[in-house]
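Asker: Quick one: the structure is below, and I'll ask about it shortly.
The values are calculated or read from the model by the stated rules, or taken from the named source; none is laboratory data. Quantities reported herein were computed from a predicted structural model and do not represent experimental measurements. Virtual Cβ from ideal backbone geometry, glycine too; neighbours counted across all protein chains shown. In case anyone asks, the SASA skips ligands and DNA or RNA and just uses the protein heavy atoms, side chains included. Shrake-Rupley method; radii C 1.70, N 1.55, O 1.52, S 1.80 Å.
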Amino acid sequence: MRILDRFRKNPIEKLSLRELQEEEIRLRNRLERTKKEINSIEKKKKQLFQEGIGADVLKKKMLAQEIKSLDMEQKLKLRDFMTAQRQYTFVKNLIVVKKYEKELRRIGIWEKLSKVEPEQLENVLVKVSLDGKEFDEMVSSLNRVFEMEIAEFEAAEDQTEKELMEAWAKVETGEADVNEVATKIASKELPKDLEEEL
């Protein structure tokens, strides 16, 4: 049984730090594999497109069907990647919370965390980034979660994604220089996992 399934049945105290770290490694490997598969499909689509340049209509129709099939496969892989990314973020944040368990118990936040339904806690821990934060910053982030509506977090996440999509579009259409945009994005505070992908 996967650790995430166990989490849904057990309170946060039942999971060990070691189990969480093993799950983090498993999820990181899954993300890497899926990313390679997506890139491989992208290369295959480009290759098929190039084969169609100057080909007869029948060949182009056959290639178009192959490309459409690869598109569907790529979308499924991307959905899998997004699910794994969400789980990975959740597990990384759970690890941070578990590392500070003693301190969180002392100031009363652990009690709040342990009373939250597992699904709700999972949603909350996916929406914040605790990795690399100092204890006080982590406590602030957790407190904010209990004080804010989750929709506000989603709006902030959506804004970052929107800005990235716009930046990519400008580079792809030639409206902006890739190095200029990359520097601008790198200087902005983004979650660490997004910075690594850029």
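Asker: Output the number of the condition that ALA84 fails; it satisfies all remaining conditions of (1) open to solvent by 30 Å² or more (accessible area, probe 1.4 Å); (2) in a helix (DSSP H, G or I).
Answerer: Going through the list (1) open to solvent by 30 Å² or more (accessible area, probe 1.4 Å); (2) in a helix (DSSP H, G or I), ALA84 breaks only (1).
Asker: When you go through (1) open to solvent by less than 40 Å² (accessible area, probe 1.4 Å); (2) outside any loop (DSSP other than H, G, I, E, B); (3) modelled with pLDDT of 65 or more one by one for LEU130, which number turns out not to apply?
Answerer: Condition not satisfied by LEU130: (2).
Asker: Is one or more of the residues making up region 106-127 modelled with pLDDT of 75 or more, at positive phi and assigned by the TED database to the domain that holds SER16?
Answerer: Yes - at least one qualifying residue is present in region 106-127.
Asker: Quick check on region 87-103. Is at least one of its residues under 30 Å from SER140 (Cβ atoms) and either among the acidic types (Asp, Glu) or outside the structural domain of SER140 (by the TED database) (or both)?
Answerer: Yes: region 87-103 contains one or more residues that are under 30 Å from SER140 (Cβ atoms) and either among the acidic types (Asp, Glu) or outside the structural domain of SER140 (by the TED database) (or both).
Asker: While we're on this one: Touching a residue at least 24 places away in the same chain (Cβ under 8 Å), in a helix (DSSP H, G or I) and surrounded by 14 or more Cβ atoms within 10 Å (Cβ to Cβ): does that describe GLU37?
Answerer: For GLU37, the condition - touching a residue at least 24 places away in the same chain (Cβ under 8 Å), in a helix (DSSP H, G or I) and surrounded by 14 or more Cβ atoms within 10 Å (Cβ to Cβ) - is met.
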